[in-house]
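A short write-up of the structure that comes next.
All of the numbers you see were taken from the coordinates with simple rules; none came from a lab. Model, not experiment: these values are computed from the prediction. For neighbour counting, all protein chains shown are included, and Cβ atoms are generated from backbone atoms with ideal geometry for every residue, glycine included.
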Amino acid sequence: MAKNGKKTRKKIIIFSGLGLVLIALVVIVFLGSKKEPIVTVQVEKAQRRTVTQVVTATGKIQPEVQVKITPEVSGEIVALPVKEGYVVKKGDLLMKIKPDFYVAQRQQFAAALLQAKSALTKTEPDFNRMESLFKKGLASQADYDQARAAYEQSKAAYAQAEASLNQAEESLRKTTITSPMDGTVSQLNSELGERVLGTVQFQGTDVMTIADLSRMEARVDVSENDVVLVANGDTARISVDAFPDRKATAVVYEIANTATSKGLGTQEEVTNFQVKMRVLPGSLTLRPGMSMTADIETMTKHNILCVPIQSLTTRMPKTDMKQGAPEEQTPMAVTTTTAKKKEENKAQEIVFVVDNGVAKSTPVQRGISDDQWIEVTGGLKDSVLVVSGTYKAINRELEDGSKVRVEEPRKDVKKKPAEG
C-alpha cells in the first residue's frame, strides 16, 4: 500500500508540473499575441524634383502626305515604267491604259460634231431669212415657228455633239496617268498587262501609292481618359521597334475630334482618339507601317515636392460612432447631411510618414506624375521620411500609428539625384 501511495504522489507531481508548464505556455502565447507587431519598411525623403507627365500610346509610322493612284477609265495597262521604291517627280509618267477604245470613241463624236455643225450651217440662214420675211408680214406665223424650231434643234444637237467630243477627249487624256506630286512609289498593287477598273462616281482599282517619305508622322490611338491631357505642340519621344536603341522626336499637330471604338458592345470595348505627330528630321530611316511607341510629354514642372509613386495609397476615413438618438432634421438638413456623409466616406489618398519608429497616416493632394515620382501639392513638408516599400506594407499592413523598422537601402541601387 505504501508503494502505491508513493506512485500516486509521483504521478500527481508529474501531472501538476506538466499543467504548470502548459499554463505558462498559454500565458506566453497570449501575451505575445497582444504585443504590437513591428512592420519592416523602406523609406524615402520627400524631395523637390523636375517631373514630366507622360502619356504613352502605340501606333504606326506613316507618311504625312500620300496619294493613292486610281484610274478614272477602265482598260489594260500597256505601260508601267515605275516599280515599288522608285522616286518620281510631279508630272512623271506612272502608267498608261490601252487607248484604242477611247480613240475610236473620240473619232465617233468628232464625226457627229461635224454632222451637227453642217445641219446648223443650213438651218441658221434659213431661220434668219424667215425671221426677216415674218417681220415684213410676208411669212406666216406657222412658217416662222417651224423655221425657228429647226434652228433651235440644230443648235442643241451641235452643243450636245460638242460636249460628247470633249468628254471623249477627256477620257482619252485620262488613259495617261502622271504623278501628282514629288515622292516615292511606296506601294504598287498592279502589274503590266493587268486590267484595271476606273469609275468617276466610285473609287477604281487601287494601282499604287505615292508618298513623300521625307515627311513622316506617327499615328497613335490615345484613350479617352488620356487624350484630354494632350495638346497640339506637345513634344513626343518616338521609340520604333526596328531601332530599339534609338529614339526620334516628334511634335503633336492634330488630335481627332471623333472617337473610334473597338469591340463595341462587348466587355473589351475600347474608346480611343487618333493623335498625329510630325516626326522631326533625324538619323532614323523610317518606313511606312513601322510599329512604334510614343511617350507624349504633356506637362513639365520644376522644383516641385515629390514622393515615390508607390508611396501613395488610399484608405477609407475612420468615422466616430456617436451614441444617442439622432435629432429631428428638416428635409433640407437631411439632404445636406447625406451629401456630407458621402463626402466623408470617400477614400482618401495618403502617404505614411515615419517619425520616431511610428508610421503616421498623412492625407495628401496629388499633382502630376511620371513613371517614378508623383507631385504632392499639399499635406507634406520637405525632407520628411515617407514609406516607399514594401507594396504589402503600404497597401495592407500599415495603419495609422503602426510601429515600423526601417530597412537599410541596398548600396548597389543608384537613385536619380533630387534638385538642390
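Couple of notes before you dig in:
- Extension gain for the segment residue 315 to residue 118, taken as residue separation times 0.36 nm less the Cα-Cα distance, is 61.2 nm to one decimal.
- Among 305-317, 138-150, sorting by the average number of other beta carbon atoms lying within 10 angstrom of each residue, highest first, gives 305-317, 138-150.
- Pairwise Cα inverse-distance average, inverted: Kirkwood Rh of segment 44-134 (Å): 21.4
- Net length gained if the chain between residue 67 and residue 271 were fully extended (0.36 nm per residue, minus Cα distance): 70.6 nm
- When each of 52, 184, 258 is scored by the number of other beta-carbon atoms lying within 10 Å, the sequence from fewest to most is 258, 52, 184.
- Sites residue 347 and residue 40, calculated FRET efficiency, Cβ-Cβ separation with R0 30 Å, nearest 0.05: 0.70
- Segment 37-42 - phi-based ³J(HN,Hα) in whole Hz, Karplus 6.51/-1.76/1.60, Gly and Pro as x: x, 9, 9, 7, 9, 10
- Restricting segment 186-264 to trypsin sites (Lys or Arg not before Pro) in coil, as DSSP defines it, with at most 13 other Cβ within 10 Å: 246
- Considering every alpha-carbon pair of segment 183-307, the percent of pairs per 5 Å bin, from zero through the bin containing the longest distance, is 2, 9, 14, 14, 14, 15, 13, 10, 5, 2, 1, 1, 1, 0.
- In this simple spin-label approximation, residue 110 and residue 90 carry label points 7 Å from Cα along the Cα→Cβ vector, and these lie 3.2 nm apart.
- Built amide H within the under 5 Å cut-off of residue 64, gap 5+: 215, 216, 217
- Derived scalar couplings ³J(HN,Hα) [segment 229-234; Karplus, 6.51 cos²θ - 1.76 cosθ + 1.60; whole Hz; x for Gly, Pro]: 8, 8, 9, 4, x, 5
- Calculated on the Cα set of segment 133-209, radius of gyration then Dmax: 24.9, 76 Å.
- For trypsin sites (Lys or Arg not before Pro), the sites in segment 97-139 that DSSP calls loop and that have at most 14 other Cβ atoms within 10 Å are 136.
- The relative contact order of segment 99-173, computed from alpha carbon pairs under 8 Å that lie at least 6 residues apart in sequence, is 53 percent.
- Global geometry of segment 247-301, whether rounded, prolate or oblate, following the gyration tensor of its Cα atoms and the 1.5 cut on a/c: prolate
- Length added when fully stretched, residue 372-residue 291, from 0.36 nm per residue minus Cα-Cα: 26.6 nm
- Convex hull volume of segment 55-205 per residue (C-alpha atoms, cubic angstrom): 192
- The convex hull built on the alpha-carbon positions of segment 99-173 has an orientation-averaged projected area of 4.8 nm².
- Amide H contacts of residue 298 (H built 1.01 Å from N, under 5 Å, at least 5 apart or other chain): 53, 54, 55
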